[in-house]
Every structure is written in structure tokens, then in C-alpha cells.
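Here the structure is laid out as C-alpha cells; the discussion comes afterwards.
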Amino acid sequence: METKELINIALKARENAHAPYSNFKVGAAILCSSGKVYTGSNVESSSYGLTICAERVALVKALSEGETDFESIAVVSTPGASPCGACRQLLWDYTKDIPVYLSDLKMNFVERKLSVLLPYPFDNSQLISTNER
Ligand code: THU
């Protein structure tokens with residue numbers, strides 16, 4: 001799939017953002033090795049801390065449908081913002097070192113590998129090498 005096509009899907013997903021508190025709408029689209037694309041938008045709560053980012057919504061939708069391998073993810077917001085730390089961690093846990101396309105609303109985008117966004121990551125390789133269990 002063309003990068004611009006994935007970004008366009010994320011752009012459309014952004015229209016379903018529920019962001020009444022921040023008014024900052026985000027859309028995401030994750031491309032799986034199966035060829036399927038799962039979308040997400042941010043969903044905010046009146047209890048602000050319960051807010052879920054678009055990237056995690058897309059990833060969790062894919063995982064819960066049985067997807068295990070991922071090719072790339074597109075994230076669209078007005079400034080072409082970078083994923084938050086929580087999203088970087090969860091993406092690292094469940095994807096390989098995939099490209100992350102960060103796009104604004106006019107589809108101007110940059111590509112950042114996940115390992116660039118999350119250097120020296122924590123992951124399960126550290127959990128299973130410890131005796132502290
Ligand atoms: N947000 C995302 O959905 N993804 C990001 O990459 C950054 C932040 C959401 C969370 C919240 O609903 C709003 O943007 C402002 O932080």
C-alpha cells in the first residue's frame with residue numbers, strides 16, 4: 001500500500017475523534033502484514049486521564065482481531081504531531097521497528113522509525129531475563 005493511501009485513511013479516521021476537551025483531533029491507521037488496515041481516533045473522557053490516543057485505539061483494534069504482524073502506522077493531526085510516550089511503548093511492545101508516518105492535514109508527512117522515537121526501550125526481553133518473578 002502506498003504511504004499516502006495509509007495517511008489518507010488516517011485522515012478520514014480523524015473525523016471520528018472524540019476530543020471535546022482538548023479539541024485536538026488525531027487519526028491513526030495501522031497496516032498489518034495481512035494487508036488489513038485498522039483505524040483509530042482519540043477518545044477523551046470527562047475524567048481526563050482516561051483518554052485514549054488514536055494510535056493505541058488502532059493498535060488494540062488490530063491486536064484484538066488477531067493481527068500479529070505490522071508494517072507501518074500513519075498518524076494525522078493538525079501539526080503532524082509525534083506519538084506520546086505511552087503510545088511509543090505499546091507500539092514497541094507489539095510491533096517490530098516499524099515506520100511511523102507523521103502527517104498534517106495536507107498530507108505533508110515525515111517518516112520516523114519507532115526505534116528513533118523510542119531509543120533504549122524497555123520491553124519483554126528485560127522481563128524474562130530477570131529472576132525477580
Ligand atoms: N493524542 C493522540 O491521540 N495521539 C497523539 O499522538 C498525541 C495526543 C490525543 C490525546 C488527547 O485526546 C489529545 O490528543 C490531546 O493530548
### Task
Taking only protein heavy atoms into account and a 1.4 Å probe, give the accessible area per residue of the chain in Å².
57
### Query
Alpha carbon centre of segment 70-111 versus segment 1-58: separation in Å?
10
### Query
Counting DSSP beta bridges in segment 3-132, what percent are antiparallel, to the nearest 5?
75
### Query
Expressed in nm to one decimal, what extension gain is obtained for the pair ALA86 and GLU111 from 0.36 nm per residue of sequence separation less their Cα-Cα distance?
7.1 nm
## Note on the structure
Expected max-MSF residue from ALA19, ALA28, ALA58 in the GNM of the chain (alpha carbon, under 10 Å) is ALA19
### Message
I need the GluC sites (Glu not before Pro) found in segment 64-133, filtered to DSSP loop residues with at most 14 other beta carbons within 10 Å of theirs.
### Response
GLU65, GLU132
## Note on the structure
Once SER77, SER115 are ranked on solvent-accessible area with the largest value leading and a 1.4 Å probe, the list reads SER115, SER77
### Task
Using a 10 angstrom cutoff on alpha carbons, build the Gaussian network for the chain and name the most mobile of PRO119, PRO83, PRO99.
PRO119
### Spatially proximal aspartates and glutamates relative to LYS36 (Cα-Cα < 14 Å; intrachain offsets below 8 disregarded)
GLU2, GLU5, GLU65, GLU67, ASP69, GLU71
#### Entry: Helix-only [θ]222 nm of the chain, DSSP H runs n ≥ 4, -39500 (n - 2.57) each, per residue, nearest 500
-8000 deg cm²/dmol
#### Entry: All aspartates and glutamates inside 15 Å of LYS12 as judged from Cα atoms, apart from same-chain residues fewer than 8 positions distant
GLU55, ASP104
### Relative contact order (%) - segment 39-108, alpha-carbon pairs under 8 angstrom, separation at least six
31
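The values are calculated or read from the model by the stated rules, or taken from the named source; none is laboratory data. Predicted, not measured: the structure shown is a model, and the values here were computed from it. A quick note on method: Cβ atoms are made from the backbone with ideal geometry, for glycine too, and the neighbour counts reach across all protein chains shown. Surface areas here come from the heavy atoms of the whole protein model, side chains and all, with no ligands, DNA or RNA. Shrake-Rupley method; radii C 1.70, N 1.55, O 1.52, S 1.80 Å.
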